[in-house]
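Report on the following structure.
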Amino acid sequence: MYDQRTSRVDGDLLAHELGHQWFGDSLTPVHWSDIWLNEGFATYSEWFYQEQFNGIPVEQSFAQAYAGEKDWSGKVADPGRDHIFDDLVYTRGAMTLQALRLKIGDRAFFQLLNQWPKTYRHGTVSTRTFIRFVEHLTHRDLGAFFHTWLYQPGKPNL
């Protein structure tokens with residue numbers, strides 16, 4: 001059910017909420033601090049929808065979000081009780097995923113999108129689990145990358 005005055009459902013909203021079927025409903029964050037795994041993936045689903053159906057590349061959505069973000073003070077993977085539903089979790093979570101895509105390449109990234117929800121289906125996940133999963137999948141130490149994008153306040157350099 002959608003709280004709208006018309007029967008027309010916005011594509012971005014639908015993509016976001018459907019994204020939750022895999023990232024958020026089937027994969028439930030262990031702690032509230034892991035909420036970016038839910039909302040970041042759902043927001044990334046919106047960006048991917050925009051690319052597939054409206055011709056707006058994910059890179060463009062990322063660039064607009066990166067340029068337009070005003071507050072870089074929080075930690076994505078530890079937003080604090082009062083900020084769990086802020087832009088920090090949604091948009092910066094999605095930005096982290098796009099930065100990861102650029103870091104590991106499309107092949108590994110789309111393999112990640114496929115295997116992550118399959119591996120932990122109907123279970124709980126944490127940021128730590130996600131990091132270990134990505135590192136195992138790519139055979140790379142991505143600690144510095146994840147520290148910068150998830151745990152360090154401030155605007156990451158591209």
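Output yes when any residue across the range 40-53 is of a type outside the set (Lys, Arg), farther than 22 Å from Asp106 by Cα and open to solvent by 20 Å² or more (accessible area, probe 1.4 Å), and no when none is.
No, there is no match, as no residue in the range 40-53 is of a type outside the set (Lys, Arg), farther than 22 Å from Asp106 by Cα and open to solvent by 20 Å² or more (accessible area, probe 1.4 Å).
May I ask you to say which residue of Thr148, Thr124, Thr129 is among the β-branched types (Val, Ile, Thr), closer than 16 Å to Asn38 by Cα, open to solvent by less than 60 Å² (accessible area, probe 1.4 Å) and outside any loop (DSSP other than H, G, I, E, B)?
Thr129
Kindly provide the set of residues from the range 54-81 that are within 23 Å of Asp106 (Cα to Cα), surrounded by fewer than 14 Cβ atoms within 10 Å (Cβ to Cβ) and in contact (Cβ under 8 Å) with a residue 12 or more places away in the chain, ordered by number.
Hits for the range 54-81 are Asn54, Glu59.
Residues in the range 24-35: is at least one within 20 Å of Leu150 (Cβ to Cβ), free of Cβ contacts under 8 Å to residues at least 40 places away in the same chain and surrounded by 12 or more Cβ atoms within 10 Å (Cβ to Cβ)?
yes
Check whether at least one residue in the range 105-121 is surrounded by 12 or more Cβ atoms within 10 Å (Cβ to Cβ), under 14 Å from the mean Cα position of the chain (by Cα) and more than 20 Å from Ser26 (Cβ to Cβ), and report yes or no.
no
Evaluate the range 133-140: report whether one residue or more is open to solvent by 80 Å² or more (accessible area, probe 1.4 Å), in a helix (DSSP H, G or I) and in contact with a helix residue (DSSP H, G or I) (Cβ under 7 Å, 6 or more places away or on another chain).
no
The values are calculated or read from the model by the stated rules, or taken from the named source; none is laboratory data. Quick caveat: nothing in here was measured; it's all calculated off a predicted structure. Don't worry about glycine lacking a Cβ; one is built from the backbone with ideal geometry, like all the others, and counts go over all protein chains shown. Only protein heavy atoms, including side chains, enter the accessible area calculation; ligands, DNA and RNA are left aside. Shrake-Rupley method; radii C 1.70, N 1.55, O 1.52, S 1.80 Å.
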